[in-house]
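FYI, it's all coordinate maths here, none of it is from the lab. None of the values given here were measured: they were computed from a predicted structure. Here the Cβ is made from the backbone with ideal geometry for all residues, glycine too, and neighbour counts use every protein chain on show.
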Ligand SMILES: NC(=O)c1ccc[n+]([C@@H]2O[C@H](COP(=O)([O-])OP(=O)(O)OC[C@H]3O[C@@H](n4cnc5c(N)ncnc54)[C@H](OP(=O)(O)O)[C@@H]3O)[C@@H](O)[C@H]2O)c1
């Protein structure tokens, strides 16, 4: 017998993760809804209420966010509206509807002072507005809906929008050498892999109630500093003439927002709870480079 149709709301459908969520291979009975900003104001509680009243959603995945880390320092109100208020409103709406909310957060909730990969129980202490606003969103989601998962991830790359991979390739095409920070460590993570994890978590909620809830980390396996990541990006292109990538310190590359020196995350809890084992970021990077080369996007 065919399964009954189930509706899933995806916010941020035009973002790196949102695009991959919409491209993912979902079961045929799922109907994905990804309204743009002009179709649904996520900051408008009444609009959300009407939207939820019109469709019996089975789950919501929130991938909408103000992700410009430096800009957020000067746009705190916008950052908190997107990263804290929208998650709080979605938590309310999904709790009232009795459905799960799967929300994405960031490694930048930490101050980077830990010497090894962060686990979910480590203290948080954001260094900037972006991290503080995302932390407020995490708290709102976990407090606002008992059926929620907050998935922290990091250093997201894909063939879409703006990200470090695309920036390096663009700047590298225009310069014979470039300087990249070598004293900030993290876990490059593919938007497609994040989408695949979000899909798996959503399916657990839809198929297997009660599903695990709470805070989880997901990053691709392996880590890097930005300099190592840049070198890997140029190597992955397979081109003979790539720029020299020169390592510099954070002090030599001042930015508006302070970033954590170490924001590596451990995905061990996610592996234990959901049976998901991340692949290495370098494998995912090859796919993104191939996609960029094919000009698919
Ligand atoms: N990018 C990273 O390196 C990184 C690292 C760690 C965690 N994360 C987290 O991962 C998640 C996905 O990030 P991403 O890289 O896919 O983001 P992204 O590419 O910057 O896309 C952000 C999405 O959010 C939407 N959006 C932003 N503000 C909005 C608002 N006020 N109302 C409605 N929609 C709004 C954007 O819509 P428009 O197209 O209309 O602008 C876009 O669809 C976020 O929660 C982010 O905090 C990202």
Subset of region 1-13 (residues that are within 16 Å of residue 103 (Cα to Cα) and either within 13 Å of the ligand (Cβ to nearest atom) or surrounded by fewer than 17 Cβ atoms within 10 Å (Cβ to Cβ) (or both)): 9, 10, 11, 12, 13
Go through region 107-146 and report how many residues are touching a strand residue (DSSP E or B) at 6+ places or on another chain (Cβ under 7 Å) and farther than 30 Å from residue 283 by Cα. 4
Scanning region 36-52 residue by residue, those within 17 Å of residue 84 (Cβ to Cβ) and crowded, with 18+ Cβ neighbours inside 10 Å turn out to be 42, 48
Only listed residue being surrounded by 24 or more Cβ atoms within 10 Å (Cβ to Cβ) and more than 13 Å from the ligand (Cβ to nearest atom), chosen from 182, 145: 145
Selection count, region 152-179, where residues are within 20 Å of the chain's Cα centre (by Cα), part of a helix (DSSP H, G or I) and crowded, with 16+ Cβ neighbours inside 10 Å: 4
Looking only at region 96-106, which residues are surrounded by fewer than 17 Cβ atoms within 10 Å (Cβ to Cβ) and either in a loop (DSSP other than H, G, I, E, B) or in contact with a strand residue (DSSP E or B) (Cβ under 9 Å, 6 or more places away or on another chain) (or both)? 98
Could you please find all residues in region 53-66 being under 24 Å from residue 200 (Cβ atoms) and surrounded by fewer than 22 Cβ atoms within 10 Å (Cβ to Cβ)? 55, 56, 57, 58
Please state which one of 123, 100 is away from the ligand (no atom under 14 Å from the Cβ) and within 25 Å of residue 192 (Cβ to Cβ). 100
Is it the case that residue 81 is within 15 Å of residue 131 (Cα to Cα), surrounded by fewer than 20 Cβ atoms within 10 Å (Cβ to Cβ) and touching a residue at least 12 places away in the same chain (Cβ under 8 Å)? yes
Being closer than 30 Å to residue 115 by Cβ, touching a residue at least 40 places away in the same chain (Cβ under 8 Å) and in a loop (DSSP other than H, G, I, E, B): is that true of residue 193 here? no
Within region 53-97, tally of residues that are farther than 19 Å from residue 162 by Cα and more than 15 Å from the ligand (Cβ to nearest atom): 13
Failed item, numbered, when residue 91 is tested on (1) surrounded by fewer than 20 Cβ atoms within 10 Å (Cβ to Cβ); (2) touching a helix residue (DSSP H, G or I) at 6+ places or on another chain (Cβ under 6 Å): (1)
